[in-house]
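Student: Before we start, here is the structure in question, set down as structure tokens.
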Amino acid sequence: MSMFQGLDTSASALTANRLRLDTIAANVANANTTRATQVNGVWQPYKRKMVELSPKAPSQSFDSILQGAIGMIGGKPEQGVRVTAIREDNTPFKRLYDPTHPDADADGYVLMPNVDIMKEMVDMISASRAYEANVTILNGAKSMMMKALEIK
């Protein structure tokens, strides 16, 4: 097992959570955007985006992980997390009655984005806590490496 494997794993999680936070920020910034994309000549509101994460290494049996860790199997499986996709949420758009809005239909309703600020805040707290946890892991690994270097 490499001394830097923990650092690599935490670094991949930091990168993934930073992308999650950026995506959440984009969702919040576009929570009132009624003209985001044009489909068949009709403007559609902004669609909420979500980040999908998955482990880098395929799931393995305990025995294969143990054998690889003690060096009996060549090659180190890559560990950590990766972003597999940024997909759009297909929940229906909200309808708001505002006949004075420039994007209102004939009945006076405006299609608003499917962004729920409360969901975004919960996702933001989750992503920021995961980010903080990985920073703590990196700092712990760094201090252990520094103590190992101080040994005479």
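Student: Cβ contacts < 9 Å: first residue on the phi < 0 side of the Ramachandran plot, restricted to the range 91-108; second residue surrounded by 11 or more Cβ atoms within 10 Å (Cβ to Cβ) and among the small types (Gly, Ala, Ser), any location; separation 6+ or different chain. Result?
Tutor: If the second residue must be surrounded by 11 or more Cβ atoms within 10 Å (Cβ to Cβ) and among the small types (Gly, Ala, Ser), the pairs left are Leu96/Ala104; Tyr97/Ala104; Tyr97/Gly108; Asp98/Ala104; Asp98/Gly108; Pro99/Gly108; Thr100/Gly108; His101/Gly108.
Each row is one residue, and each column tells you yes or no for (1) surrounded by 14 or more Cβ atoms within 10 Å (Cβ to Cβ); (2) at pLDDT below 95; (3) assigned by TED's automatic domain parsing to the domain that holds Gly80.
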| residue | (1), (2), (3) |
| --- | --- |
| Ala25 | no, no, yes |
| Val39 | no, yes, no |
| Val42 | no, yes, no |
| Ser54 | no, yes, yes |
| Ser61 | no, yes, yes |
| Ser64 | no, yes, yes |
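Student: Among the residues of the range 130-140 satisfying the criterion of being closer than 13 Å to Ala13 by Cβ and over 12 Å from the mean Cα position of the chain (by Cα), which is surrounded by the most Cβ atoms within 10 Å (Cβ to Cβ)?
Tutor: First, pick out the residues of the range 130-140 that are closer than 13 Å to Ala13 by Cβ: 130-138.
With the extra rule that they be over 12 Å from the mean Cα position of the chain (by Cα), the set shrinks to 132-138.
Values: Glu132: 11, Ala133: 14, Asn134: 20, Val135: 14, Thr136: 11, Ile137: 17, Leu138: 17.
So, considering only residues that are closer than 13 Å to Ala13 by Cβ and over 12 Å from the mean Cα position of the chain (by Cα), the one surrounded by the most Cβ atoms within 10 Å (Cβ to Cβ) is Asn134.
The values are calculated or read from the model by the stated rules, or taken from the named source; none is laboratory data. Being a predicted model, the structure only gives us computed values, none of them experimental. Cβ sites come from the backbone with ideal geometry, for glycine too, and all protein chains shown count toward neighbours.
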